[in-house]
1. Relative contact order for the chain: what is it in percent, counting Cα pairs under 8 Å that are at least 6 residues apart?
2. Need one number: nm distance between label points at residue 245 and residue 153, each 7 Å from Cα along Cα→Cβ, rounded to one decimal.
3. Under the rule a/c < 1.5 gives rounded, and otherwise a/b versus b/c splits prolate from oblate, where does the range 1-108 land using the Cα gyration tensor?
4. Taking the Cα centroid of the range 153-181 and of the range 9-29, what is the distance between the two, rounded to the nearest whole Å?
5. Between the DSSP loop rule and a limit of at most 14 other Cβ atoms within 10 Å, which GluC sites (Glu not before Pro) in the range 48-146 are left?
6. Which whole-angstrom value gives the distance between the alpha carbon centres of the range 121-148 and the range 212-241?
7. Give the span of the chain's Cα atoms along each principal axis, as three whole-Å numbers ordered largest to smallest.
8. Arranged by the count of other C-beta atoms within 10 angstrom, fewest first, what order do 27, 155 take?
Amino acid sequence: MKKILCNKRYSGFVWHLIFALPFVGLSLLFLQFTQGVTWFLISSVLRIVFGVGILIAAGRLFELAPTDIISNKNLRSALIAGAGFLLFFLYFIVQVVSGFGQLTGLTIGIFLTKVLLQQLTTGFYEELNYRFLLLEGLKYTANTTRYKLIYVFASTVLFGLVHCIPSWDTYTFLTTGAIGFAFAVIYVKSGNIVLPMVLHFVYDFLIKMAAFVQWRPNPVYYGICDCSDIAYVVMFMISLVFLIYTPRRAKNKTK
């Protein structure tokens, strides 16, 4: 049992499931009995509790303090590695601005619980469970391109899958997975988990706000929307390049 739970290279995957499966199960259970503001508050509490649990378990597994895990280190490297997502985010902002009409149907309660609190805690929990916990073990491998691809794609697939619960949607799996891939590259290349948390929150915040937007139809907006699939592909490809690219100086240090 110790080999399964305490191997720094691979046990992160085991601990990921230990936290992810009960989290999903409890979320589905509470959804049967609650809705609206009540559900969003419970959902946020679950994210906080499981996120803190991950900090404790992962801290013991990797011998790290919470301040070592939630670190804004190597911000410059993180921003460079995040070029793919940042470009995609710019596209998303242009899309929103080009078609924004007015907000409608958004109450204070929904804004504070669903749009703000739930998305803030989502960034906290999901980045710890789907990025840190799954990718930290990479540091204890040979850390070659092959290992990077294995770990990052595993994180990507699991992140895409969880967003297809309770019903499968291939497009959601691919698009959410692509965003998760971009966040994973940021962490692998910099060790910075704070930037993915912040970007995750901001993007989800705007996505939830967009659900309350009354869009203003116009050719520019429709044209930009038609390019969404291209934007996802570009984000993925740029992130992939940054993942597999190793500066010559870094290569020499490994010899």
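What follows is calculated from the coordinates using simple rules that are stated; it is not laboratory data. Quick caveat, the model's predicted, so the values are computed rather than measured. Glycine also receives a Cβ, built like all others from the backbone with ideal geometry; neighbour counts cover every protein chain displayed.
1. 31 percent
2. With each label point 7 Å from Cα toward Cβ, the separation is 2.1 nm.
3. On the way: a/c = 2.65, a/b = 1.28, b/c = 2.07.
Here the range 1-108 falls in the oblate category.
4. Cα centres, the range 153-181 to the range 9-29: 16 Å.
5. 63
6. The range 121-148 and the range 212-241 have Cα centres spaced 28 Å from each other.
7. 57, 45, 32
8. On the way: 27 17, 155 29.
The fewest-first ordering by Cβ neighbours comes to 27, 155.
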